[in-house]
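Every read-out reported here was derived from the displayed coordinates using simple, explicitly stated rules and does not represent laboratory data. Please read all numbers here as calculations on a predicted model, not as lab measurements. In this analysis, Cβ positions are derived from the backbone assuming ideal geometry, glycine residues included, and neighbour counts consider all displayed protein chains.
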Amino acid sequence: MTDKIEEVYIGDKLSGKYVNAGLWAIKSGGVARLMGRGHNIKRCVDVTEILKRKLNNPETNIEIWTEEYMDKKTKNLLKVSVIAIEITGTIKNEDE
């Protein structure tokens, strides 16, 4: 298994979609990097916790920072919090 990092950007879809994407990323690359910005940070953490229950020996690494961007409508400089959670482990069998 390689340690290729597959990024999953968390948005407004149902959490199950991101869980499946995370499982696919772990299965194909070994490491899933879940990225959430602003109000999607909570969903990013929730998806991580669901993934942890589906993995044997899950390991996580969390980074948090702030990004600045220019609002196109108001031309104001805005700041938004960002979280990146790397998760890896082996996927549990359905029997476990």
Inter-site label distance for Lys92 and Tyr69 at 7 Å from Cα along Cβ, in nm:
3.6
Angle between the Cα long axis of helix 15-29 and the longest principal axis of the chain, 0 to 90 degrees, nearest 10?
60
Arrange the peptides 66-78, 3-15, 27-39 so that the one whose residues have, on average, the most other Cβ atoms within 10 Å appears first.
27-39, 3-15, 66-78
Antiparallel as a % of all DSSP beta bridges within the range 1-81, to the nearest 5?
45
Just from its helices, what would the mean residue ellipticity at 222 nm be for the chain, if runs of 4 or more DSSP H residues each count -39500 (n - 2.57) and the sum is divided by every residue, rounded to the nearest 500 deg cm²/dmol?
-9500 deg cm²/dmol
